[in-house]
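Read through the structure below, which is laid out as structure tokens, and then see the notes.
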């Protein structure tokens, strides 16, 4: 694996346990079929910019899509684009709005204009800012060298989940196509997380099975790994590839111990 620079509440989350929604409202109960030990890794496709890509993701069986409202990336969508994408989705596909160090008015404007289900903060936002909107949120944690990951998540005890992503100095805060050393998410770190673990950073069909086997995350979040490629083989940021999406979902389901067919 590449170097991470480039590439406690009493009730603790356990990846294979079933929790009541009354005692832990931020977590969903796993299906009864998982009681036997089978895994059901959740999948989010981030950086959707076209309605057709959202439909392709839903058809492939993803659980959520991500809409980026940060101006520093070609994956950014306007409110009008976002509404059209949401309108194209069938029921039971969640919509996540992603921000990077926004001001509060920008978040409120998005919430007023776009029907989103959850917020995702991918910058250095403090916990009081993340919780001020009264919406469930995921907090992204850059996996930097020498940083205590448990200490990094500790202020965000009300987050719906923690997304661990690669850190690359001077690069994008996410969607870089770079992986980090999954060994940083040790068994001890995973056991002590109070909220579900979401794995991101450089995932694609070639490595997602190994990632799930190594980390056993609640969910995986992919962007560049399912994008179209230009003539040089580089991702065309914001333009998803339906075949790559299907292959990624199939790779996750195979790693979960299922078949290669979509649900």
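Observations, loosely collected:
- Cα-Cα pairs of region 39-255 separated by more than 33 Å (percent): 8
- Virtual spin-label span in nm between residue 145 and residue 84, 7 Å along Cα→Cβ: 4.4
- Here the label points at residue 103 and residue 192, each 7 Å from Cα along the C-beta direction, are separated by 3.9 nm in the simple model.
- Taking the alpha carbon gyration tensor of region 119-165, multiplying each eigenvalue by 5 and rooting it gives semi-axes of 18, 10, 9 Å, largest first.
- Region 64-185: projected area of the alpha-carbon convex hull, averaged over directions, in nm²: 8.0
- Taking the three principal axes of the alpha carbon atoms in region 123-242, the coordinate ranges are 44, 32, 27 Å, sorted in descending order.
- Share of alpha-carbon pairs per 5 Å distance bin for region 204-263, given as whole %: 4, 20, 26, 23, 15, 10, 3, 0
Readers should treat all values here as calculations from the given coordinates under stated rules, not as data from a laboratory. All figures in this text were calculated on a predicted structure; none of them were measured in a lab. So basically every Cβ, Gly included, is an ideal-geometry build from the backbone, and we count neighbours across all protein chains shown.
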